[in-house]
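One structure is given below, encoded as structure tokens.
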Amino acid sequence: MQQLATDLQASVEDAAAHLYVWALKDIPQDLRDALVDAQARETSVSGRRVLDTIVRNVDVADDAHNLVCQDTGIAVYHARVGEHFPLHPARIYEALRDGTARATLEHPLRSNAVHTITRENTGPNIGYRLPIVHWEFVADWDGLDVKCVPKGSGSENMSFLKMCVPADGVRGIKQFVLESVVDAGGKPCPPGIVGVGIGGSADYAMHLAKEAIMRPIGTRNPDPLVAQLEDELFALLNETGIGPMGLGGDVTVLQCHVEHADTHMTLNPVAVNYQCWAARRASAHISVDGTIDYDREA
Amino acid sequence: MAVHELTFPITDEQDILKLRAGDEVVVQGHIVGIRDRTQIRIFDEGVEPPMDLRGAFLLHTAPNVRKLGPGRYEKVCIGTTTSARMVRFTEPLGARYGVRAICGKGGFPDEAIEPMRAHGMAYLAIVGGAAALETTQIEEIEEVAWEELMPECLWKFRVKDFGPLTVGIDAHGNSLYHDVQARAHAKLEELYARL
Ligand code: SF4
């Protein structure tokens, strides 16, 4: 049992180290397709110039084995842990942290982690409570899924929360999302994925907004009411004319994803977490025997 | 909309005055990398920059580099950061040092329009995040000053076909960012009415 756990911890660390670098260099196919679609849809001169350059940049990163974007972000992971996976989450966290540090030193990658008051660097993209892990626990399963989402600061700085009141209704939610994306303008490197979290509590709404940007592009919430909100917001946001890099144009967002939680009868929170066009993401599935299956599309 | 090729540092003011918001620009020659801390040192701490900035093109960046030897660096991945944080330095960069172009991502708010008009400067928008491409357009890191601010040093890069850039704010008081925001806010009213 002890040996198995040690080996598994090494596998999770290997997976994390690989996922972080891989995500930064090789963006998923659904994102590539969304960028090419956007290129076809855009009619403004400056918007086309931006999208042509983005698509060219993705190819250059492939050819040169270089990072798609220079901002290596903060490492954010999503871990789905099966009830019967034999490594405790405390050890999974250690492995994710060690893998992040190893990738940063070995590649080497720019380290962005600083103490929030002194602003001094705290290590190779690790620090107190860094990396950040979103946990999900799955009954009757013995596997582990890990997704790495390096999150750049330009887009993370464009995060917004509003405690709407119940009387504001869904209309209030839509207004706030629209207003947030217009105010963000070109700063979060549009067109990207607008993640929206609704319901729950203030902190949980933002947590859900982050989970929304981790989904493959264009996937829809299983709740038909929420999926309908995603469709409506997606269409409305692209009418704002902010355009690629905020220079004006038809394509302001590649997608809008919404995650929700039930809430208090007196609450109506809405959170927006922006993900830039470089919506980097890479996943792995780790089996009980330590085998790692990498999956770029999850 | 016109396409221009400019070589920096410029000596002829017309090179900037001929640019109009929305035009495309490709840059040759030498450009200077600068960021928050570099400008805080110059303007808030009053330290004179050890590089001539007359006619210069400034890039908002903090490059990923590999050290080769004392004062010598090799590029790894060079991209551009969000400009808006550094807008307050526009006026003194133009007035005191004769900087002519500032390049970054995301644009400058309206407070940059007047200094750019007064001092014949332009804001050139790069495609944010397109660092793999940008890195190939930077031929060499020729000089670095203030290494202790790493990576927010003062960098001199030699570039080839750097771009494409879009003139976001020209020297005649036009700003694409201002216009896009004005139109978007008008549009929001219309969208809210439909909700
Ligand atoms: S916002 Fe995204 S694409 Fe833009 S510079 Fe930051 S990480 Fe890169």
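The values are calculated or read from the model by the stated rules, or taken from the named source; none is laboratory data. Just so it is clear, the structure is predicted and the values come from calculations on it, not from any experiment. Using ideal geometry, Cβ is built from the backbone for each residue, glycine included, and neighbour counts are taken over all protein chains shown. In case anyone asks, the SASA skips ligands and DNA or RNA and just uses the protein heavy atoms, side chains included. Shrake-Rupley method; radii C 1.70, N 1.55, O 1.52, S 1.80 Å.
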Subject >> Total charge dipole magnitude, the range A:156-272, about the Cα centre, Cβ charges on Lys, Arg, Asp, Glu only, Debye to nearest 20 >> reply: 120 debye
**OP:** Write down the accessible area per residue of the range B:3-194 in Å², having rolled a 1.4 Å probe over the full set of protein chains.
**Re:** 38 Å²
**OP:** Highest first, please rank the peptides A:235-242, B:62-69, A:214-221 by the mean number of other Cβ atoms sitting within 10 Å of their residues.
**Re:** A:235-242, A:214-221, B:62-69
**OP:** Take the solvent-accessible surface of the protein heavy atoms, probe 1.4 Å, and return the percent of it on the range A:5-75 that carbon and sulfur atoms account for.
**Re:** 52 percent
Original post:
Once B and A are treated as a pair rather than alone, how much accessible area drops out, both sides summed, in Å² to 100, probe 1.4 Å?
Top reply: 3400 Å²
Original post:
Over the Cα atoms of the range B:1-126, how large are the radius of gyration and the largest Cα-Cα distance (Dmax), in Å?
Top reply: 14.5, 45
**OP:** Filter the GluC sites (Glu not before Pro) in the range A:9-113 to those in DSSP coil with at most 14 other Cβ atoms within 10 Å of their Cβ, and list the result.
**Re:** A:E83
**OP:** Take peptide A:57-64, look around each residue's Cβ out to 10 angstrom, count Cβ atoms belonging to other protein chains, and average those counts.
**Re:** 5
**OP:** Filter the GluC sites (Glu not before Pro) in the range B:17-95 down to the DSSP loop ones having no more than 15 other Cβ atoms within 10 Å, then list what survives.
**Re:** B:E45
**OP:** Summarise the accessible area of the range B:60-195 (1.4 Å probe, protein heavy atoms) by the percent that is carbon and sulfur.
**Re:** 49 percent
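Taking a quarter of the surface of the Cα convex hull of the range A:1-144, what do you get in nm²?
11.6 nm²
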Subject >> 10 Å-binned pair-distance histogram of the range A:195-298 (Cα, whole percent) >> reply: 15, 37, 31, 14, 3, 0
Original post:
Rg and Dmax of the range A:134-197, Cα atoms, in Å?
Top reply: 16.3, 45
**OP:** With a 1.4 Å probe and every protein chain left in place, work out the accessible area per residue of the range A:257-298 in Å², rounded to a whole number.
**Re:** 39 Å²
Original post:
When only DSSP loop residues count, what chymotrypsin sites (Phe, Trp or Tyr not before Pro) in the range A:125-185 have their Cβ near at most 13 other Cβ atoms within 10 Å?
Top reply: A:Y128
Original post:
How large is the helix-only mean residue ellipticity at 222 nm for chain B, computed as the sum of -39500 (n - 2.57) over DSSP H runs with n ≥ 4, divided by its residue count, in deg cm²/dmol to the nearest 500?
Top reply: -6500 deg cm²/dmol
**OP:** Just name one of B:P115, B:P92, B:W146: the one whose Cα is farthest towards the positive end of the charge dipole of the range B:3-194 (beta-carbon charges, Lys/Arg +1, Asp/Glu -1).
**Re:** B:W146
Original post:
Taking a quarter of the surface of the Cα convex hull of the protein assembly as shown, what do you get in nm²?
Top reply: 23.7 nm²
